[in-house]
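Trainee: Dumping the structure here so I can ask a few things about it.
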Amino acid sequence: MTVITRFAPSPTGYLHIGGARTALFCWLYARRHGGRFVLRIEDTDLERSTPEAINAILEGMSWLGLDYDEGPLYQTHRFERYQAVIDRMLEEGTAYRCYCSRERLDALRAEQQARKEKPRYDGRCRDLTEPPADADGPPVIRFRQPTEGRTVVNDQVKGRVVFDNSQLDDLIIARADGSPTYNFVVVVDDMDMNISHVIRGDDHLNNSARQSNILKALGVEPPVYAHVPMILDEAGKKLSKRTGAASVMEYRDAGYLPEAVINYLVRLGWAHGDQEVFTLDEMVEHFDIADINHSASSLNPSKLDWLNQHYIKTLPVAHVARHLAWHLGALGIDPAGDSTPDIEAVIAAQAERSKTLVEMAENSRFFYHEPREYDDKAARKHLKGAEAVLAALHDALEALEHWSAEDVHRAITGVAEENELKMGKVAQPLRVAVSGGPISPPIDVTLELLGREATLRRLQRAREWAVQEATLGA
């Protein structure tokens, strides 16, 4: 059997992180078995399915690197096919026309709820051969659900799930306006696309019995189902935009690498021994539906931070640079501009102290733009009264024949020794002078990246600030 999986999101304006995990599981299973992965857009809700909403899904898939072998396929392009299948089912008697009014159905539901019964259609129109006298308007089309026996779904995650057919009512497969419903179009799509395995959220588990029975009515063996527990927020509650990042692109905007998000997602509900860090090839090699957890997983931001820093430090610097450039651009910085430090060298300097690319971009801003002001606490602690040290540093650095981290280090050490000062009393004023704050990469590396001209200019400015402060305090 050729393994064919599908990811079938509804456009909601963004790619949900839970949906992204489902897509990843489907992608991994298909790749492991040499199969095919299909992207299908369930866009029958015309009000919500805007081009922008669809593009948000495609953008999220592209950023994660989840390529698809077929698609994107759109349900709105298949309405003629759905109608043809409905016509066939009406002819074969596996579907029928229902003329019940909304008022009657509402009254029926109220009566059943009053008797504490499960609300369900009572089959009034099930055996009609012609419209009833009180028919008012076009009918809906209902699936003729089996009324006896049981439907068994051998779910690969949940195990054997049994549904009593007498509790499954005749669901509507086409509305009065002719538009098909979700549970029906999903079945036709899975049938036509030869989907072998349906991996999806466990909120769809109850749909599996109805969908299986429709497929059987069409003479098709249902796919293998695997319903994955949902992702919860840190507090163990249903994930929402209010309680945590729900959109994949929010993770990009927060400074996470796609490799870190993929690794993070695969471990939210799946495990291979105690291994935490996986390359994509390792995920493909080891992923198995049988290893998916049976219980829900909760977000763990600290784990994502740890993974992200791991990938910042271990991925090829050129790859990280492509992503960091986007964040620098968001700060109004052109990392390819004239007289700017090499972005790859900046990454090498900042990798050990950056959990996210947002953090790295913010902390690297001073490499590209001279700070407009100093951190007040740092300036008063390290610049105030440091006029002589700043002047000595300026002269020593200006006299260097070669501008390298090694030569800069020797110059700074020389200033400290000549003035009988500890290195901190020299390096910290220098750091505040060039970066605007008390934290930067090693000071010799920092100055090498800044260059001679920018360093001397910033030292002169800091010296003038210190002189002015001394004058004001006199």
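Trainee: Under 5 Å between amide hydrogens, which residues at least 5 positions from Ala95 or on another chain qualify, with H placed 1.01 Å from N in the peptide plane?
Mentor: Leu90, Arg144
Trainee: Shape of the stretch 11-159 from its Cα gyration tensor (a ≥ b ≥ c, root eigenvalues): rounded if a/c is under 1.5, otherwise prolate when a/b > b/c, or oblate?
Mentor: Here the stretch 11-159 falls in the prolate category.
Trainee: For a quick check: with amide H placed at 1.01 Å from N, whose amide H comes under 5 Å from Tyr74's, ignoring anything fewer than 5 positions away on the same chain?
Mentor: When sequence neighbours closer than 5 places are left aside, the close amide H contacts are Ile41.
Trainee: A further question on this structure: Just how much of Leu331 is accessible, in Å², when a 1.4 Å probe is used and the result is rounded to the nearest 10?
Mentor: Its accessible surface works out to 50 Å², give or take rounding.
Trainee: I would also like to ask the following. Along the Cα→Cβ direction, 7 angstrom out, place labels at His369 and Gln112. What is the inter-label distance in nm?
Mentor: Result: 6.1 nm between the two label points.
Trainee: Skip the ligands, DNA and RNA, and give the accessible area per residue of the stretch 282-426 with a 1.4 Å probe, whole Å².
Mentor: 54 Å²
Trainee: Moving on to the next point. Counting only DSSP beta bridges with both residues in the chain, what percent are antiparallel, rounded to the nearest 5?
Mentor: For the chain, the DSSP antiparallel bridge percentage is about 50.
Trainee: Taking 0.36 nm per residue of separation and subtracting the Cα-Cα distance, what length does fully extending Glu398 through Glu250 add?
Mentor: 48.8 nm
Trainee: Output ³J(HN,Hα) for the stretch 359-366: one whole-Hz value per residue in order, computed from phi by the Karplus curve 6.51 cos²θ - 1.76 cosθ + 1.60 with θ = phi - 60°, and x for Gly and Pro.
Mentor: 4, 5, 5, 4, 6, 9, 4, 5
Trainee: What percentage of the solvent-accessible surface of the chain, computed with a 1.4 Å probe over protein heavy atoms, is contributed by carbon and sulfur atoms?
Mentor: About 47 percent, which is the carbon plus sulfur part of the accessible surface.
Trainee: Normalising by the residue count of the stretch 281-359, find the relative contact order in percent from Cα pairs under 8 Å and 6+ residues apart.
Mentor: In percent, rounded to a whole number, it is 35.
Trainee: How high is the relative contact order of the stretch 323-464? Use alpha-carbon pairs under 8 Å, at least six apart in sequence, and give a whole percent.
Mentor: It rounds to 29 percent for the stretch 323-464.
Trainee: By average Cβ neighbour count within 10 Å, what is the ranking of 135-143, 417-425 from highest down?
Mentor: The most tightly packed comes first, giving 135-143, 417-425.
Trainee: Follow-up. Here are some values of Cα extents along the principal axes in Å: [x] 61, 46, 43; [y] 88, 55, 53; [z] 105, 46, 40. Which one was computed from this structure?
Mentor: [z]
Trainee: While we're looking at this one, here's another question. Quick one: which residues, 5+ away or cross-chain, put their amide H under 5 Å from the amide H of Ser298? H built at 1.01 Å from N.
Mentor: Leu232
Trainee: Could I ask something else about it? Leaving out ligands and nucleic acids, note down the accessible area per residue over the stretch 82-237 with a 1.4 angstrom probe, in whole Å².
Mentor: Solvent-accessible surface per residue comes out at 50 Å².
Trainee: Could you grab the relative contact order for the stretch 10-59? Cα pairs under 8 Å, six or more apart, rounded to a whole percent.
Mentor: 66 percent
Trainee: Please find the FRET efficiency linking Glu130 to Asp338, where r is the Cβ-Cβ separation and R0 is fixed at 60 Å, and quote it to the nearest 0.05.
Mentor: After rounding to 0.05, the efficiency reads 0.15.
Trainee: Can you divide the C-alpha Rg of the stretch 211-304 by 2.2 N^0.38 Å and report the result to two decimal places?
Mentor: Taking N as the residue count of the stretch 211-304, the ratio is 1.33.
Trainee: Using a basic spin-label model with each label point 7 Å from the Cα along Cα→Cβ, how many nm lie between Lys216 and Ser179?
Mentor: For the pair Lys216/Ser179, the computed spacing is 3.1 nm.
The values are calculated or read from the model by the stated rules, or taken from the named source; none is laboratory data. Given the structure is predicted, the values throughout are model-derived calculations rather than measurements. For neighbour counting, all protein chains shown are included, and Cβ atoms are generated from backbone atoms with ideal geometry for every residue, glycine included. Surface areas here come from the heavy atoms of the whole protein model, side chains and all, with no ligands, DNA or RNA. Shrake-Rupley method; radii C 1.70, N 1.55, O 1.52, S 1.80 Å.
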